[in-house]
1. Which of the residues spanning region 169-196 are open to solvent by 20 Å² or more (accessible area, probe 1.4 Å), charged (D, E, K, R) and within 17 Å of the chain's Cα centre (by Cα)?
2. Condition first: open to solvent by 80 Å² or more (accessible area, probe 1.4 Å) and over 21 Å from G263 (Cα atoms). Now tell me which residues in region 98-113 satisfy that.
3. Find the residue count for region 304-316, including only residues that are open to solvent by 50 Å² or more (accessible area, probe 1.4 Å) and β-branched (V, I, T).
4. Taking region 266-287 only, how many residues are of a type in the set (A, V, I, L, M) and open to solvent by 40 Å² or more (accessible area, probe 1.4 Å)?
5. Report yes if some residue within region 167-190 is at pLDDT 95 or above, over 17 Å from H260 (Cβ atoms), acidic (D, E) and assigned to a helix (DSSP H, G or I); otherwise report no.
6. I'd like the residue in region 148-166 that is closer than 17 Å to N220 by Cβ and not in a helix (DSSP H, G or I) and, out of all such residues, is modelled with the lowest pLDDT.
7. Just give me the residues in region 51-97 being touching a residue at least 40 places away in the same chain (Cβ under 8 Å), closer than 30 Å to G187 by Cα and outside any helix (DSSP H, G or I), in sequence order.
8. Residue by residue through region 122-144, note down the ones that are closer than 30 Å to P84 by Cα and among the small types (G, A, S).
Amino acid sequence: MAAARPFRACSCFFSSNLFVRRCGLHVRYRHREQLLSDYGTIEAEVQRRKQLIHQSTERKAIIASRYKRKHPEVYVLQDSFLAPEFLEIVSYCTSPDAHLDGLLRYTESFSDKRIYRLPVFTEEFCRAFVEELENFEQSDMPKGRPNSMNNYGVLLNEIGMDENFITPLREKYLRPITALLYPDLGGACLDSHKAFVVKYALHEDLDLSSHYDNAEVTLNVSLGKDFTEGSLYFGDFRQDPSPVPSYIEVEHVGTQGLLHRGGQIHGALPIASGERWNLIVWMRASAIRNRLCPMCNQKPELVEAEGFGDGFTESAEDDVPETVDLCSLW
C-alpha cells in the first residue's frame, strides 16, 4: 500500500491577488498612495494568515504540556458516547445490502437541499464534553479561535482531540453514512477534516451570517446547553444560485447532528436566551478538491501545510489516473 501523501493548502488563502479575486473585490483608486493604503490592508491580512499555522502549533505544544483535563475520558472516542440509534445507522450503512433509500428511513430529510438530521451522541457525553470545553475556556491556556466569523470556541486539534476522537469518528462512523448520502462529493473517501466547537451566548456571539464551508461535507452537532431560538437557515448550493434564493429554517436539537454539503449557503439565527455549544466537523475529500479548490473555484495552487492543511494532496500536475474511481476504494 502506497504511503499517504502529505496534505496541503491552496495558495488562495495566502496570496493577496487570489484573496482579492476570491472575495470578489474590485480595487478602485485615485492615486498610488490610496492603492498602497488599501492594498496594504489586504497584505496585512495575508501575513496574518501565514502566521496562523505556526501559532497553532505553538499553542498545541503548550496545551499538551500544561493543561489539566477535567474529563480525560472524552478525548478517546468510545461507542458508549454514541447514541444507540446512531450506531444502528452505522451498522446498516456497513451492511452488504445498504442503499440510500434504506438509509433515509433512519434520518430526517429537509426539502431538496440534501440536509439530514440524525442522532449522534448521548446526553451524558454531551454534558461531559461541554464541561471539558468550559474547563479549558476558564484555564490560562493560549486559545485559537475557529475562524474569522466565530470569536468564541475551541479548535479541537489544539487540545488533542484529532487523533483519537475526530479521526475515528470520521473514518469508522461517518464515512459509511456519507458514502451513501454524498457519493458525488467524495462521501466514501473523506480523508481529512477540520474540527472545532463554537459557542453562542448572550453578550458574545449570538448568530452567524451567511457563508459556505471549506468542506465537501459538514457535520454540525448541537451539544447543549439550554437555549431558545437560534435555528440554522439554509439557502442555495453555492454553485447553483437562483435569481430568487429559497431559504429553509432547521431547528437545532440537542445531541443530534445535521449533515449537509459544505457548499450549501447557510447561517445561524440569533439565540434569544441561554447558551449553545456546537461541534462542527468540516470533512474533506482530496480526490474531489484536488481538481478544484472550493474557495477560489480554480485548480488549486498548492503550498505546504501542517497536519491536514486544507485537505489537498495532489501536486500541481494531477497524476491520478482518470480510469480509477478513488471514492470506490474506501
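The values are calculated or read from the model by the stated rules, or taken from the named source; none is laboratory data. Note that the structure is predicted; figures quoted are calculated from it, not measured. Backbone-built Cβ (ideal geometry, glycine too); neighbour counts: all protein chains shown. Quick note on the areas: whole protein, heavy atoms, side chains included, nothing else; ligands and nucleic acids left out. Shrake-Rupley method; radii C 1.70, N 1.55, O 1.52, S 1.80 Å.
1. E171, R175, D191, K194
2. Answer for region 98-113, where residues must be open to solvent by 80 Å² or more (accessible area, probe 1.4 Å) and over 21 Å from G263 (Cα atoms): H99, D101, R105, Y106.
3. 0
4. So the answer is 2.
5. Scanning region 167-190 turns up at least one residue that is at pLDDT 95 or above, over 17 Å from H260 (Cβ atoms), acidic (D, E) and assigned to a helix (DSSP H, G or I).
6. Only one residue tops the list, namely N150.
7. V76, L77, L82, A83, T94 - these are the residues of region 51-97 that are touching a residue at least 40 places away in the same chain (Cβ under 8 Å), closer than 30 Å to G187 by Cα and outside any helix (DSSP H, G or I).
8. A128
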